[in-house]
Amino acid sequence: MAEILALPAAPFRGVAWVLDKVARAAEQEYYDPGPVQEALAGLEREREEGLIDDEEFEQREEPLMQRLEEIRAYQLGNVGPPDGT
């Protein structure tokens, strides 16, 4: 009987599940260090090629390094067994 009463809520649970999956995927993408590391490598190439000077390099490097620190702190805070979802 309880299962029949729960049927009207099934679409809402499905939407909540999808929204949870989308939020998790967005979170994983936001905390992916790859793009930040690529930006740092590109920045280093620009400096080596003489496209930017040391001052501009440092100005542009600082926010990227802060972002990497934020990502690492997030990853350290979320270490644990995978939940299997």
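Each reported figure results from applying straightforward, stated rules to the coordinates on display, with no laboratory input. Because the structure is predicted, anything quoted here is derived from the model rather than measured. When we count neighbours, we look across all protein chains shown, and the Cβ atoms used for this are built from the backbone with ideal geometry, even at glycine.
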Checklist outcome for this item: Listing Val36, Val18 by rising number of other beta-carbon atoms within 10 angstrom, fewest first, gives Val18, Val36
Checklist entry - What number comes out for the charge environment of Pro33, summing +1 per Lys or Arg and -1 per Asp or Glu over other residues with Cβ under 12 Å away? => result -3
Checklist entry - Per residue Cα convex hull volume for the range 21-81, in cubic angstrom? => result 85 Å³
